[in-house]
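Student: Below is the structure I would like to discuss, written out as structure tokens.
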Amino acid sequence: MLDADVREALLRIALLNAIKHGGKARAGPVIGGLLSERPDLKPFVRELVPLAREVVAEVNRMTLSDQKAVLEERWPGALQAEERRRAEERAEKLPPLPNAEKYGRIITRFAPNPDCVLHLGSARAIVLSHEYARMYKGLFYLRFEDTDPRTKAARLEFYDAILEDLEWLGCKPDKVFKQSDRLPVYYKHAEDLISMGKAYVCTCSKEAFKKLVMACRPCPCRNLPVEEQLERWEKMLDGDYGEGEAVVRVKTDLTHPNPAVRDWPALRIIDPEKHPHPRPEVREKGYRVWPLYNFACGVDDHLMGITHIIRGKEHLTNEVRQRYMYAHFGWRYPEAIHYGRLKITGAVLSKSKIVAGVEKGLYSGWDDVRLATLRALRRRGITPEAIRELMLQIGPKAADITISWENLYAINRKLIDPIANRYFFVWEPVELLVRGCPRRRFVAELPLHPDRPERGRRRLEVSCQDGVARLLISGPDAAEMRPGRIVRLIGLFNVDIVELGEGRVEARFHSEPYEVARERKAPLIHWLPIDQAIDVEVLRPDGAVKGLGEPGLAEEPIGTLVQLVRYGFGRVDAVGDGWARICYAHN
Ligand SMILES: [Zn+2]
């Protein structure tokens with residue numbers, strides 16, 4: 001009853017299962033996988049078991065890289081399809097969106113002010129909004145909120161930078177809007193509100209207005225007739241008022257318990273001479289009246305058909321404010337999900353601090369490895385997949401949460417360990433002199449990756465003069481050494497420590513086989529031939545570390561992820577003749 005097709009399917013599923021679990025498949029999940037693909041086989045489960053065991057045993061006899069090679073050859077794309085499926089499964093772990101069924105198509109948005117590059121703190125809003133849109137086969141919009149050329153001025157360079165950051169993160173928007181293109185839209189809606197008597201032009205001083213509103217009392221402007229309000233509005237647009245002399249306010253409940261909600265400001269005057277907009281096509285229009293956050297954002301969420309707003313709970317009051325305007329227009333407020341604060345210990349997530357630091361030269365640029373910008377993370381070899389996965393794990397919970405860098409590193413480590421090439425890096429180098437070497441030359445052939453023999457090997461040659469080999473080892477390893485101890489130099493030979501000198505360790509050749517080291521429980525340390533080392537600088541968030549490394553590091557393309565053996569993971573940042581610079585990711 002069980003034909004060759006079944007065996008083939010079992011082989012494919014067993015290979016996927018093995019690759020997922022570091023090379024070892026298990027019969028149970030393999031049978032389960034087959035039955036979910038082929039429910040028609042359920043009556044034959046008893047016959048399936050021995051066959052599945054046989055196939056699993058066959059797969060488990062292969063190395064992990066052979067398993068991958070066989071799968072790739074026989075079922076090209078199967079591994080990628082499996083990864084996609086798992087990503088979708090993960091996304092489905094997000095709680096469902098409220099009232100999703102009420103909307104024909106789910107539309108979410110990410111709405112940054114282009115006044116800085118993106119950082120890890122923005123990733124949650126982006127990843128969740130994007131993932132939810134994908135989960136419901138909806139749309140994800142990017143909206144630049146750039147209508148404050150005075151205090152939160154946008155900068156041209158950040159429009160492109162943010163878009164690039166989003167694409168890198170794997171959250172490409174379906175549409176991009178710039179609020180500075182939409183001033184006529186805001187003007188029309190302001191005029192509509194004024195005409196309906198739901199907004200007014202207030203010419204009171206800030207202090208006078210505040211005093212009245214704190215006492216739950218209207219200012220003298222509030223109840224002026226609509227005709228007069230419209231005249232004032234025209235005067236605002238025509239430039240008859242200076243900065244601070246007039247604002248449009250949206251009427252709310254003057255007795256609202258939160259004074260910040262009462263008659264909030266919607267549009268105000270900004271002098272285009274003093275505060276020109278960074279976009280030339282906007283600047284040339286000479287706009288003097290600019291919408292404030294709640295007005296522009298509220299109008300846009302409605303007009304763009306945003307169904308679900310996913311943002312931090314610091315926006316709760318904004319929802320209260322905007323709901324008044326929605327009621328005036330007879331609009332329905334989108335579903336809003338407010339997640340709790342996310343604190344990442346040790347990360348600078350203040351845009352103003354980042355911008356000021358880069359401007360003062362405190363940081364080398366937006367990708368300075370000490371920053372938590374997406375650019376800095378990318379430069380260090382933190383993958384977008386790791387950031388996405390972390391944000392999905394955190395999800396949209398309302399409770400505040402504190403995470404550490406280690407949470408991100410743990411996910412990233414799992415993702416890059418299978419792909420990062422291995423190299424020796426010797427920091428705080430100390431010379432190791434080995435006497436009594438029985439040959440003139442030793443060649444260590446080390447795999448670039450222990451699970452991926454197809455990548456080839458790196459070759460380190462040690463030449464001995466008069467039986468003496470000169471090597472370099474790391475200072476912390478040298479500090480652990482004691483005379484009489486056996487130490488194995490990975491891939492090379494075992495030595496017997498003789499004497500510890502100032503900046504130098506003297507040893508005697510002991511033996512070559514690894515088994516000897518294992519029996520003697522000798523520590524395994526990495527090393528370099530003294531005449532083959534290149535200069536390596538590792539840029540870490542806590543400072544730069546200089547040392548020496550294998551020449552192969554300088555031959556890796558920029559952007560390659562590497563593991564510096566017994567030191568940590570990183571990304572090749574720059575290389576030159578006889579040197580390499582690595583940005584450190586994590587251990
Ligand atoms: Zn007033």
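Just so you know, all these numbers are worked out from the coordinates, no wet-lab data involved. Note that the structure is predicted; figures quoted are calculated from it, not measured. With ideal geometry, Cβ positions are generated from the backbone for all residues, glycine too; neighbour counts draw on all protein chains shown.
Student: What's the angle, to the nearest 10 degrees (0 to 90), between helix 384-394's Cα axis and the longest principal axis of the chain?
Tutor: On a 0 to 90 degree scale, this one is about 60.
Student: Would you mind pulling out the separation of the Cα centroids of segment 215-252 and segment 446-478, in Å?
Tutor: Segment 215-252 and segment 446-478 have Cα centres separated by 77 Å.
Student: Any idea what the dipole of the chain comes to, in debye rounded to 20, about its Cα centre with Lys/Arg Cβ at +1 and Asp/Glu Cβ at -1?
Tutor: 1320 debye
Student: Can you give the helix-only mean residue ellipticity at 222 nm for the chain, where every DSSP H stretch with n ≥ 4 adds -39500 (n - 2.57) and the sum goes over all residues, rounded to the nearest 500 deg cm²/dmol?
Tutor: -11000 deg cm²/dmol
Student: Turning to a different aspect of this structure: If you count, for each residue, the other Cβ atoms within 10 Å and average over each peptide, how do 306-319, 9-22 line up from highest to lowest?
Tutor: 9-22, 306-319
Student: Here's another thing I want to ask about it. With axes computed from alpha carbons, what is the tilt in degrees of helix 405-416 against the longest principal axis of the chain, rounded to the nearest 10 within 0 to 90?
Tutor: 60 degrees
Student: Another question, if that's okay. So which of LYS178/LYS313; LYS152/LYS360; LYS235/LYS274; LYS137/LYS351 end up more than 27 Å apart, counting from Cα to Cα?
Tutor: With Cα atoms farther than 27 Å apart: LYS137/LYS351.
Student: Measure nothing but the geometry: give the 0 to 90° angle between the long axis through the Cα atoms of 4-20 and the longest principal axis through the Cα atoms of the chain, rounded to 10°.
Tutor: Computed tilt is about 80 degrees.
Student: Then there is this: Would you list which aspartates and glutamates come within 15 Å of LYS343, measuring only between C-alpha atoms, while excluding same-chain residues fewer than 8 positions from it?
Tutor: Hits, sequence-local ones excluded: GLU314, ASP400, GLU406.
Student: Determine, for each peptide in 293-303, 473-483, 263-273, 355-365, the mean count of other beta carbons within 10 angstrom over its residues, then list the peptides with the highest first.
Tutor: 293-303, 263-273, 473-483, 355-365
Student: Would you calculate the separation in nanometres between label points at GLU431 and LEU349, each defined as 7 Å from the Cα along the Cα-to-beta-carbon direction?
Tutor: 5.1 nm
Student: I want to check the label-to-label distance for VAL226 and LEU35. Put each point 7 Å from Cα in the C-beta direction and report it in nm to one decimal.
Tutor: 7.0 nm
Student: Would you order TYR409, TYR567 from fewest to most other beta-carbon atoms within 10 Å of each residue's own beta-carbon? Let's see the in-between values first.
Tutor: Details: TYR409 18, TYR567 21.
Going from sparsest to densest Cβ surroundings: TYR409, TYR567.
Student: Along the three principal axes, how long is segment 381-428 when you take its alpha carbons, biggest first, rounded to the nearest angstrom?
Tutor: Cα extents, longest axis first: 46, 25, 12 Å.
Student: Run the quick spin-label model on PHE329 and ARG155: label points 7 Å from Cα toward the beta carbon, then report their separation in nm to one decimal.
Tutor: So the two model labels end up 3.2 nm from each other.
Student: Right, next: Any chance you could run the full-extension gain for LYS521 through ARG61? It's 0.36 nm times the residue separation minus the Cα-Cα distance, nm to one decimal.
Tutor: Working: separation 460, 0.36 × 460 = 165.60 nm, distance 2.86 nm.
Stretched fully, the LYS521-ARG61 segment lengthens by 162.7 nm.
Student: Given R₀ = 22 Å, what would the calculated FRET efficiency be for LYS93 paired with HIS21, taking r from the Cβ atoms and rounding to 0.05?
Tutor: Step by step, r from the Cβ atoms, then E = 0.65.
Student: With r as the distance between the Cβ atoms of LEU303 and GLU281 and R0 = 30 Å, compute the FRET efficiency 1/(1 + (r/R0)^6) and round to 0.05.
Tutor: Working: r = 21 Å, r/R0 = 0.70.
The pair GLU281/LEU303 has a calculated efficiency of 0.90.
Student: Then there's this: Strictly greater than 34 Å: what percent of every Cα pair in the chain meets that?
Tutor: 58 percent
Student: Hey, if you put +1 on the Cβ of every Lys and Arg and -1 on every Asp and Glu Cβ in segment 309-407, which of PRO396, GLY357, ALA376 ends up farthest toward the positive end of that dipole?
Tutor: The listed residue farthest towards the positive side: GLY357.
Student: Right, here's the next one. Report, ordered by chain and residue number, the lysines lying within cross-link reach of LYS68, taken as a straight Cα distance under 25 Å and ignoring same-chain residues fewer than 8 apart.
Tutor: Leaving aside lysines fewer than 8 places away in the same chain, those within reach of LYS68 are LYS20, LYS24, LYS414.
Student: Give me the distance between the Cα centres of segment 126-155 and segment 52-74, rounded to whole Å.
Tutor: Result: 44 Å between the Cα centres.
Student: I'd like the distance separating the alpha-carbon centroids of segment 256-286 and segment 492-541, in whole Å.
Tutor: Segment 256-286 and segment 492-541 have Cα centres separated by 66 Å.
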